[in-house]
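Values quoted throughout were computed directly from the atomic coordinates according to the rules given, and no laboratory measurement underlies them. Bear in mind that the values here come from a model prediction, so they are computed numbers and not experimental data. Using ideal geometry, Cβ is built from the backbone for each residue, glycine included, and neighbour counts are taken over all protein chains shown.
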Amino acid sequence: MTDTTPASAEKPASARLTVVKAINAGLRRSMENDDKVLVMGEDVGKLGGVFRVTDGLQKDFGEDRVIDTPLAESGIIGTAVGLALRGYRPVCEIQFDGFVFPGYDQIVTQVAKMHFRSGGRLRLPIVIRIPYGGGIGAVEHHSESPEAYFAHTPGLKVVSCSNPVDAYWMIQQSITTDDPVVFFEPKRRYYEKAEFDLDAEPELPLHSSRVVNQGTDATVATYGPMVKTCMEAAAAAAEDGRSLDVIDLRTLSPLDLEPVYQSVRRTGRLVVVHEAQRTLGIGTEVAARVTEECFYSLESPVIRVTGYDTPYPPARVEDDYLPDLDRVLDGVDRALSY
Amino acid sequence: MTVDTAATSTGDPAAREPELVQLLTPEGQRVPHEYYDTLIEDITAEDIRGLYRDLVLSRRIDSEAVALQRQGELGLWASMLGQEAAQVGSGRALRPQDHAFPTYREHAVAWCRGVEATQLLGLFRGVDQGSWDPRENNFHLYTIVIGAQTLHATGYAMGVQRDGAIGTGDPERDTAVIAYFGDGATSQGDVNEAFIWASVNNAPVVFFCQNNQWAISEPLERQTRVPLYRRAHGFGFPGLRVDGNDVLACLAVSREALQRARDGEGPSLIEAFTYRMGAHTTTDDPTRYRLAADLEHWRLKDPIERVKAYLVRGDLVDQQFFDDLDAESEELAGNLRTACRALPDPEPTSIFEHVYVEPPPTLLAQRDEMAQYLDSFAEQEGPR
């Protein structure tokens with residue numbers, strides 16, 4: 001993340017924002033730029049969302065544009081479809097990862113397929129924001145990482161930010177996208193801060209990954225909340241004389257793996273890290289594609305450091321479930337042992 | 001253990017049956033109604049002949065499509081036989097700016113909205129998944145997931161509200177949305193959520209439930225213990241039951257509900273009480289679950305025969321009208337048959353179009369992979 005915060009003290013619009021405030025600022029700017037942009041979800045209005053991501057928006061944009069919805073996720077997504085068909089650009093908030101499933105049918109059978117079904121005549125520029133991931137000591141259904149379900153679905157685009165700067169730009173880029181976007185927010189990084197220029201141009205297009213640490217011994221590909229963990233692992237590895245290339249994937253559908261291929265061709269070793277369970281996760285797809293593209297460069301199998309194939313566990317054992325610095329380094333060790 | 005779900009504490013269900021709004025009896029007798037007559041007082045004999053034509057031609061499209069399925073030209077067809085009046089009555093109550101969200105059985109509504117009959121066939125022939133432009137006729141694509149479209153209609157109505165297109169008094173601007181669904185769909189969460197959303201938002205949407213008594217093989221009592229129209233009251237908006245085989249009554253109650261929506265007075269539920277005379281779809285076999293006697297009972301309530309009887313008895317038509325309509329009907333069916341057979345199969349690589357507005361390179365690479373694979377056969381077959 002170090003290279004994503006080129007804060008310049010001279011620029012007047014420079015601000016030090018958390019991920020929460022950065023998404024809020026991005027939503028605000030999108031709503032200012034386009035009066036068709038709506039925010040809708042449970043508690044997003046007066047309360048400003050349970051994480052305060054939409055704080056103050058209803059006060060400034062009114063109840064018609066920042067809609068406190070009834071408590072039903074299928075209703076949120078299904079009515080967003082209708083609003084989009086009428087020409088609006090709804091940004092739906094799903095309160096927690098584990099609560100997206102009542103809306104899953106509308107997302108998969110309607111949102112993802114409407115453009116295709118209509119032979120390209122209809123577009124659904126809907127953004128579905130989902131706070132995701134664990135590490136916050138929460139009860140069941142509040143710590144999950146369901147991104148693979150959506151990345152597996154043609155017609156959806158899926159992204160995950162890992163830091164305030166990306167959060168600010170990626171939410172705006174998602175809102176201007178004419179395809180539906182599922183926007184995963186790393187809730188345990190919600191209060192990470194960065195100082196940056198709100199009036200600058202985004203450094204990257206939405207669907208592009210980024211090398212966030214340069215190294216030569218092994219490649220670590222990750223996204224969302226695990227980016228910080230992997231950066232810490234890279235710092236620790238450096239003390240042991242090992243340098244890691246760390247890549248923040250940022251976009252999960254489509255994947256932007258060219259930087260990963262380039263890196264693996266140099267390092268010969270790849271570790272993929274995510275909180276989500278392992279089997280058929282994003283890491284599995286990355287491993288398959290890297291095997292296809294970099295077969296003769298690989299010095300070891302692709303290693304996946306992930307959550308285990310269990311339901312998300314009770315909070316008192318989540319530290320053992322979630323990849324942490326040591327498990328990432330262990331994965332690197334395994335890659336280097338071949 | 002068998003649970004006796006039929007037992008109710010409120011006695012004989014028949015005793016609780018509500019009155020239907022009915023303006024035309026199955027025998028073709030015009031029934032005066034103090035209020036609903038006022039909603040159709042502009043309807044002339046010419047208009048009734050027009051409605052009759054809609055009923056006859058849409059039924060002809062439907063029966064031709066069944067025949068096309070039997071001949072292998074369509075993979076499937078969902079017949080609307082018996083439901084023509086519900087669909088034509090509501091369909092003709094719509095204004096051009098109103099927007100309809102159908103299931104997959106609203107062939108007569110499509111007819112009323114000016115969608116070409118051939119365009120309905122693509123989905124069932126398997127050459128597309130919806131070939132008309134919903135923006136041209138304000139008739140959305142067929143939705144197969146039961147009840148999903150009721151939420152789309154409600155959201156669309158919320159957009160209409162935000163556009164200020166209700167309650168202005170301008171008959172060409174004020175806009176209503178109509179959501180079609182069936183009795184089975186009323187058990188879906190989406191339909192109940194749509195009721196809630198529409199209610200709390202006071203959205204300009206009319207929920208038009210064609211209660212055709214059957215959700216494939218499941219009779220109404222598998223879905224509800226109360227008459228469906230009464231569900232509306234619990235959600236906080238008006239509901240009524242109309243004779244779904246009476247095109248005039250369906251027109252009148254739809255006009256009322258749509259105008260209520262356009263005026264900004266919120267949603268309504270109409271339960272059009274009708275009967276699915278055919279199978280659920282061409283793959284279904286209703287003889288496994290219902291009695292021929294029931295069918296006979298409903299055949300006497302046919303939506304078309306009663307209009308014909310009314311027109312004839314009132315001396316509002318001559319034989320030439322029926323002869324002309326027969327000829328038009330046969331020509332329509334013939335054209336449909338020809339057009340259906342001429343519908344081209346899609347190019348294999350066309351499946352990659354329109355997955356996204358902005359397709360990712362990985363998807364385009366898969367398209368190229370498919371094209372190369374297919375081309376490899378062409379090369380093998382080429383120089384023979």
Worksheet item: What ranking of B:186, A:18, A:291 emerges when the number of other C-beta atoms within 10 Å of each C-beta is taken as an exposure proxy, fewest first?
Response: A:291, A:18, B:186
Practice prompt. Kindly list the residues of region A:141-165 that lie in the label zone of residue A:235, defined by a backbone N under 18 Å from the point 7 Å along the Cα-to-C-beta vector.
Written response: A:162-165
Worksheet item: With labels modelled as points extended 7 Å from the Cα through the Cβ direction, what inter-label distance (nm, one decimal) is found for residue A:308 paired with residue A:280?
Response: 2.1
Discussion item. Output wanted: per-residue J couplings in Hz (rounded whole) for region A:52-62, from phi through Karplus 6.51 cos²θ - 1.76 cosθ + 1.60, θ = phi - 60°, x for Gly and Pro.
Written reply: 6, 5, 9, 3, x, 6, 5, 4, 8, 10, x
Discussion item. Can you list residues from other chains, or at least 5 along the same chain, whose modelled amide H is less than 5 Å from the amide H of residue B:99?
Written reply: B:176, B:177, B:178
Worksheet item: ³J(HN,Hα) across region B:279-292 via Karplus (A = 6.51, B = -1.76, C = 1.60, θ = phi - 60°), whole Hz, x for Gly/Pro?
Response: 6, 3, 9, 5, 8, 8, 10, x, 5, 6, 9, 9, 8, 4
Discussion item. Could you check the spin-label model distance between residue A:337 and residue B:35? Points 7 Å from the Cα along Cα→Cβ, value in nm.
Written reply: 7.9
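Identify the GluC sites (Glu not before Pro) of region A:112-186 meeting these criteria: DSSP loop state and at most 16 other C-beta atoms within 10 Å of the C-beta. Could the numbers behind the result be given before it?
Values: sites: A:140, A:144, A:147; in loops: A:140, A:144.
Here the sparse-neighbourhood loop sites are A:140.
At most 14 other Cβ atoms within 10 Å and a DSSP loop assignment: could you name the GluC sites (Glu not before Pro) in region A:7-68 that fit?
Numbers: sites: A:10, A:32, A:42, A:63; in loops: A:10, A:42, A:63.
Taking region A:7-68 and a limit of 14 other Cβ atoms within 10 Å, the loop GluC sites (Glu not before Pro) found are A:10, A:63.
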Fill in: Label-zone membership for region A:139-158, site residue A:317, 7 angstrom Cα→C-beta point, backbone N under 15 Å
A:140
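Could you give the dipole magnitude of chain B about its Cα centre, charging the beta-carbon of Lys and Arg +1 and that of Asp and Glu -1, in debye to the nearest 20? Don't skip to the answer; put the middle values down first.
Details: 35 positive and 60 negative charges, 177 e Å.
In debye, rounded to 20, chain B gives about 860.
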Item to complete: With springs connecting C-alpha atoms under 10 Å apart, model chain A as a Gaussian network and identify which of A:60, A:248, A:197 has the largest mean-square fluctuation.
Response: A:60
Practice prompt. Would you calculate the separation in nanometres between label points at residue B:63 and residue B:315, each defined as 7 Å from the Cα along the Cα-to-beta-carbon direction?
Written response: 3.0
Worksheet entry | Averaged over B:349-357, number of beta-carbon atoms from partner chains that fall within 10 Å | 6
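Set the Förster distance to 41 Å, then compute FRET efficiency between residue A:295 and residue A:71 from the Cβ-Cβ distance, nearest 0.05. Don't jump to the answer; show the numbers that get you there.
On the way: r = 50 Å, r/R0 = 1.22.
The calculated FRET efficiency here is 0.25.
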Fill in: GNM flexibility winner over chain B from B:168, B:287, B:143 (Cα, springs under 10 Å)
B:287
Worksheet entry | Net charge dipole size for the protein assembly as shown [Lys, Arg +1 and Asp, Glu -1 on Cβ; Debye, nearest 20] | 560
Item to complete: Please turn the phi angles of region B:305-311 into ³J(HN,Hα) values with the Karplus equation 6.51 cos²θ - 1.76 cosθ + 1.60 (θ = phi - 60°), one per residue in order, whole Hz, x for glycine and proline.
Response: 4, 5, 6, 4, 4, 4, 5
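Please tell me which of these pairs span more than 22 angstrom C-alpha to C-alpha: A:21/A:46; A:46/A:113; A:187/A:228; A:113/A:157; A:36/A:59? Walk me through the numbers on the way to the answer.
Working: A:21/A:46 16 Å; A:46/A:113 33 Å; A:187/A:228 13 Å; A:113/A:157 12 Å; A:36/A:59 17 Å.
Those over the limit are A:46/A:113.
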Fill in: R0 of 25 Å, Cβ-Cβ distance residue B:308-residue B:339: FRET efficiency to nearest 0.05
0.30
Fill in: For residue A:69, residues with placed amide H under 5 Å, excluding near neighbours
A:41, A:42, A:43, A:44
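Work out the FRET efficiency for residue B:25 and residue B:97 from their Cβ-Cβ distance, taking R0 = 35 Å, and round it to the nearest 0.05. Could you put the intermediate results ahead of the total?
Working: r = 34 Å, r/R0 = 0.97.
Working from the Cβ atoms, E equals 0.55.
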Discussion item. Sort B:206-218, B:295-307 by the packing proxy (mean of other Cβ within 10 Å over each peptide's residues), most packed first.
Written reply: B:206-218, B:295-307
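Can you check what the net charge comes to around residue A:265, using other residues whose Cβ is under 15 Å from the Cβ of residue A:265 (Lys, Arg +1; Asp, Glu -1)?
Around residue A:265, the charge tally is -3.
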Practice prompt. Could you work out the local net charge near residue A:154, counting Lys and Arg as +1, Asp and Glu as -1, over the other residues with Cβ closer than 13 Å to its Cβ?
Written response: +2
Response to the item:
If amide H atoms are modeled at 1.01 Å from N in the peptide plane, then the residues at a separation of 5 or more from residue A:272, or on another chain, having amide H under 5 Å from its own are A:221, A:303, A:304, A:305
